[in-house]
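Worksheet: one structure, shown below.
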């Protein structure tokens, strides 16, 4: 069946990219135009909208790139985020009722006592406020690292996990005098996305870092 008003389409190719937006808009204008000029022969679609018989048949019988809604296969995520829970990424949160600067030092001590060093640190809020007047509330990142575990993780992942180093701990002021301490496990994330293997060696590394983080949060 030919498209109404001379619009040209191709059959849907599951390996193709999304249709060009201008092409899609042109097709939709053609459909709307056909609907208007063919109003003397109209019927209702499932939603009760009046469309021409030719348009109605075309939309129902022709599988094309322009079926609504458009789902582009090349936009699909390889992992369904709705299937990932907090434990899968080692997410941890704690709330501290203290000033922001005091919280930074308190978190530093808590993680140091648990076996982490602080390899790097910076304030994204200060940087963004200075560079682009972002007006962000205090937000500080401590780059924690346990050297022995980091060394094992590099070996286990053929060096790829270094792209996620270090194990960041965020201190974010959620209201004056109240700070949230937030952390996710880069070891778990690396395994989840394939940067590290799903094997016994990596499981041991994840268990060890989990114990260190648990102790650090208990210290808070």
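The values are calculated or read from the model by the stated rules, or taken from the named source; none is laboratory data. This one's a predicted model, so the numbers in the text were calculated from it and none came from an experiment. Counting neighbours? That spans all protein chains shown, and the Cβs are built from the backbone with ideal geometry, glycine included.
What are the residues in the stretch 111-143 that are in contact (Cβ under 8 Å) with a residue 40 or more places away in the chain and either more than 22 Å from residue 178 (Cβ to Cβ) or part of a helix (DSSP H, G or I) (or both), if any?
111, 113, 114, 115, 116, 119, 120
Any chance you could count how many residues in the stretch 166-186 are in contact with a strand residue (DSSP E or B) (Cβ under 8 Å, 6 or more places away or on another chain) and either part of a loop (DSSP other than H, G, I, E, B) or crowded, with 21+ Cβ neighbours inside 10 Å (or both)?
Residues in the stretch 166-186 being in contact with a strand residue (DSSP E or B) (Cβ under 8 Å, 6 or more places away or on another chain) and either part of a loop (DSSP other than H, G, I, E, B) or crowded, with 21+ Cβ neighbours inside 10 Å (or both): 10 in total.
Considering only the stretch 135-163, how many residues are buried (at least 16 other Cβ atoms within 10 Å of the Cβ), in contact with a helix residue (DSSP H, G or I) (Cβ under 9 Å, 6 or more places away or on another chain) and closer than 26 Å to residue 100 by Cβ?
Count: 8.
In the stretch 174-198, what count of residues is obtained for those that are in contact with a helix residue (DSSP H, G or I) (Cβ under 8 Å, 6 or more places away or on another chain) and without any contact (Cβ under 8 Å) to a residue 12 or more places away in the chain?
The number of residues fulfilling the criteria is 1.
Go over the candidates 204, 151, 208, 158 one by one and state the one that is in a loop (DSSP other than H, G, I, E, B) and modelled with pLDDT of 95 or more.
That would be 158, the only listed residue that is in a loop (DSSP other than H, G, I, E, B) and modelled with pLDDT of 95 or more.
For residue 167, state whether it is more than 21 Å from residue 87 (Cβ to Cβ) and in the same structural domain as residue 91 (by TED's automatic domain parsing).
no
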